[in-house]
Amino acid sequence: MSTEFWTPLKLSVQIACIAGIIVMIVGILLGKWMAKKQFRGKLFFETVLLLPLVLPPTVVGFLLIIIFGKNSFAGEAIVWLFNAPVMFTWWAAVIASIVVAFPLMYQSTKTGFEGVDEDIENAARVDGAKEWQVFFFISIPLASKAIISGGILSFTRALGEFGATLMFAGNIPGKTQTAPLAIYMAIDSGNMSLAWALVISMIIISFLMLLCVHLIRA
Amino acid sequence: MSFLQLQAIEKSFEQSAPVLQNIHLQIEEGEFFVLVGPSGSGKSTLLKLIAGLETCDQGQIILNNEAIEKQSPRERNLSMVFQNYALYPHLTVAQNILFGLKRKGIDAKEQQIRLNHSVDLLGLTPYLTRKPKALSGGQRQRVALARAIVSQAPLCLMDEPLSNLDAKLRAQMRLEIKQLQKSLGLTTIYVTHDQTEAMTMGDRIMVLHNGEIQQVGTPLSLYNEPANLFVAQFIGSPSINTADAILNGHTLTIEQRYTMELAPEIAQNLPQQTPFIIGVRPETLTFGDTFDLEVTAQEQLGHETQVKLQFAEKNWTVALQGQHPFKKGDRIQLAANALLFFDAHTKQRMKA
């Protein structure tokens with residue numbers, strides 16, 4: 001098949017993989033930390049973390065532009081560090097995917113870690129395990145179902161990201177034009193066969209992913 | 001110097017009454033020490049403090065001449081058996097038992113030796129490759145014990161380890177744990193809410209109530225010479241009978257309606273004409289003519305008959321050897337032979 005089919009699809013999968021890995025690492029650490037920690041403002045903090053789940057993607061895109069744009073502190077820091085702005089780059093697409101996918105991972109891991117019996121972790125501590133050993137040998141294996149299903153859901157969500165990516169990363173073929181954007185462009189230009197091909201690919205990938213989640217949870 | 005010493009331990013959780021107050025305790029090497037108390041008495045918290053799973057607000061914990069209260073659980077070198085066993089569900093029996101040895105970097109050969117020894121001891125050899133899910137309650141309990149034994153830690157903590165087992169298995173495991181403890185010379189602190197377990201297993205018992213030590217002593221000293229009314233009521237089954245009484249000369253008037261004469265050497269130690277509380281163990285009541293009471297219910301145990309009685313506004317129980325066919329509404333005449341006396345305000349036992 002043509003490059004106009006494979007390029008956006010490959011790009012989508014790449015971006016979703018990188019975003020998924022980052023989301024998993026941060027989600028596992030934050031989920032574990034939040035699962036058994038009580039502090040003032042926890043509810044507020046958690047609500048903020050989950051907000052991208054319900055906000056219109058355009059709002060997320062707008063906020064990303066404000067936060068990482070040229071005149072912002074983060075934007076200037078990135079230019080200073082990498083000698084180039086992040087907006088309208090491949091990494092911008094990754095950031096947009098991370099933000100929208102993170103709530104799914106966070107919710108899943110936190111529930112998973114909350115479900116781990118504290119006595120079992122304590123037994124490992126008394127048995128001579130260091131905190132990181134308790135985490136890797138006990139907590140993560142016992143929360144593995146939640147972690148894997150959260151990871152898959154995040155990946156699938158990242159794969160389907162459209163609005164925030166369009167605003168923050170643009171629609172640059174070969175660079176930030178992911179499959180969802182390419183579908184939009186294909187319809188816009190009347191290329192229905194390309195649209196069909198991408199749509200069917202997306203449905204198949206997403207279906208298989210969700211099927212995995214259900215198999216893991218069953 | 002004792003093996004384990006607790007000095008002035010205090011613990012409270014946020015914005016609530018203290019869970020533990022002023023705990024002083026000494027435990028000797030090789031001792032089977034039981035912490036007993038009703039739920040909420042702070043006994044499990046005390047065990048967690050010793051294990052290092054909670055931190056104490058104040059006080060010192062000294063194990064083998066070393067202050068350990070600031071150490072992490074792994075540095076303390078002790079083992080623990082949890083109420084729900086807390087086995088690692090994703091690991092096999094063998095992996096469960098070896099988990100701690102691997103973390104401590106014990107030599108592989110030595111691991112195998114200790115594993116074989118512990119599973120022999122506890123009859124777990126056929127189950128080594130099973131996951132905990134595929135084991136019965138009693139087998140899980142044994143895995144938890146094996147996991148504690150292989151560590152060869154000199155101090156073992158047990159948090160109500162038998163409470164999830166059925167009555168028959170519990171009685172059997174009680175004996176097994178006690179035998180294991182003696183044969184290994186393992187210093188053990190055993191938490192339970194069950195006074196029968198405490199009495200049958202403990203070399204010494206500490207009774208805890210509302211975070212305060214009520215009494216520490218051997219099982220029989222707690223039974224025969226309880227420090228206060230709480231200990232008297234907590235230790236012994238069926239529970240001790242109590243009544244209000246007042247002494248006039250040598251004549252004791254109980255609940256304003258029954259009278260009995262006390263021996264002069266007993267009466268001279270008690271306050272005259274000041275109300276106090278008497279305690280009578282159900283098994284020390286005998287047929288006699290002090291009390292004339294109505295039967296409200298009875299329980300036939302075969303070797304013993306427990307009869308519930310209406311005693312003024314209170315309920316009393318008498319445990320009679322053998323089988324006695326009483327019916328509800330029957331009257332029964334009893335005498336009390338061994339009385340305990342408690343101050344009406346402080347509830348402390350008065351020696352008489």
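The values are calculated or read from the model by the stated rules, or taken from the named source; none is laboratory data. Computed from a prediction, not measured in an experiment: that's the story for all the values here. As a convention, Cβ positions derive from the backbone with ideal geometry for all residues, glycine included, and neighbour counts pool all protein chains shown. Each accessible area value is taken on the protein alone, full model and side chains, heavy atoms only, with ligands, DNA and RNA left out. Shrake-Rupley method; radii C 1.70, N 1.55, O 1.52, S 1.80 Å.
Numbers at a glance
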| quantity | calculated |
| --- | --- |
| Cα-centred dipole magnitude for chain B, charges only on beta-carbon of K, R (+1) and D, E (-1), debye, nearest 20 | 1580 |
| Sum of -39500 (n - 2.57) over DSSP H runs of 4+, divided by residues of chain A (222 nm, nearest 500) | -24000 deg cm²/dmol |
| Average beta carbon contacts from partner chains per residue of B:101-113, 10 Å cutoff | 2 |
| Candidates B:Leu222, B:Leu46, B:Leu301: whichever shows maximal mean-square fluctuation once chain B is modelled as a Gaussian network with Cα springs under 10 Å | B:Leu301 |
| Largest-first ordering by accessible area, 1.4 Å probe, given options A:Phe68, A:Phe73, A:Phe136 | A:Phe73, A:Phe136, A:Phe68 |
| Rounded to whole Hz, the Karplus (6.51, -1.76, 1.60) HN-Hα couplings of the range B:52-67, x for glycine and proline | x, 8, 10, 9, 8, 6, 8, x, 10, 10, 10, 10, 6, 6, 10, 6 |
| Sum of side-chain charges, B:Thr317 neighbourhood, beta-carbon under 10 Å (Lys, Arg +1; Asp, Glu -1) | 0 |
| Amide hydrogen neighbours beyond the local backbone of B:Met80, cut-off 5 Å, H modeled | B:Leu157 |
| Residue with peak Gaussian network fluctuation, chain B [Cα springs, cutoff 10 Å], from B:Ala94, B:Ala134, B:Ala245 | B:Ala134 |
| Relative contact order (%) - criterion: Cα under 8 Å, at least six apart; region: chain B | 15 |
| Two-site FRET efficiency, B:Asn269 against B:Leu220, from Cβ-Cβ distance with R₀ of 22 Å, rounded to 0.05 | 0.50 |
| Mean Kyte hydropathy of 0.0 or more with a Cα span along the axis of at least 24 Å, helices from DSSP in chain A | A:3-35, A:90-114, A:192-217 |
| Computed [θ] at 222 nm, deg cm²/dmol, chain B (DSSP H ≥ 4; -39,500 (n - 2.57); rounded to nearest 500) | -7500 deg cm²/dmol |
| Angle in degrees between helix B:137-150 and the longest Cα principal axis of chain B, rounded to the nearest 10 | 60 |
| Compactness of the range B:210-337, expressed as Rg and Dmax over alpha-carbon positions, Å | 15.6, 43 |
| Dipole in debye (nearest 20) - the protein assembly as shown, about Cα centre, beta carbon charges: Lys, Arg +1; Asp, Glu -1 | 1900 |
| Nearest-10 value in Å² for the accessible area of A:Cys17, using the 1.4 Å probe | 60 |
| Alpha carbon centroid spacing (whole Å) that separates the range B:131-196 from the range A:2-76 | 48 |
| Cβ-defined net charge surrounding B:Ile254, 15 Å radius [Lys, Arg +1; Asp, Glu -1] | -4 |
| Binned Cα-Cα distances of the protein assembly as shown, short to long, each 20 Å bin given as a whole percent | 16, 34, 27, 15, 7, 1 |
| Residue-averaged beta-carbon neighbours from other chains (10 angstrom radius) around B:76-88 | 4 |
| Percent carbon-and-sulfur accessible area, the range A:49-95, ignoring ligands, DNA and RNA, probe 1.4 Å | 78 |
| Neighbour-limited loop hits for chymotrypsin sites (Phe, Trp or Tyr not before Pro), the range B:1-93 (at most 11 other Cβ within 10 Å; DSSP other than H, G, I, E, B) | B:Phe13 |
| Top positive-direction residue, dipole computed over the protein assembly as shown with Cβ charges, set B:Ser163, B:Leu309, B:Ser151 | B:Ser151 |
| Taking all pairs of distinct alpha-carbon atoms in the range A:2-217, Kirkwood radius in angstrom | 18.7 |
| Built amide H within the under 5 Å cut-off of B:Phe311, gap 5+ | B:Trp316 |
| Over the range B:1-82 - Rg/Rh using Cα atoms and the Kirkwood inverse-distance radius | 0.94 |
| Chain B: angle of helix B:108-122 to the longest principal axis, Cα-based, in degrees nearest 10 | 30 |
| Accessible-area composition of the range B:173-322, carbon plus sulfur, in percent [1.4 Å probe] | 50 |
| Cβ-based charge dipole, the protein assembly as shown, positive-most Cα from A:Met167, A:Phe135, A:Val99 | A:Met167 |
| Given charges at beta-carbon only (K, R positive; D, E negative), |dipole| of the range A:2-217 in Debye | 160 |
| Charge context of B:Lys102, other residues only, Cβ under 14 angstrom, K/R +1, D/E -1 | +4 |
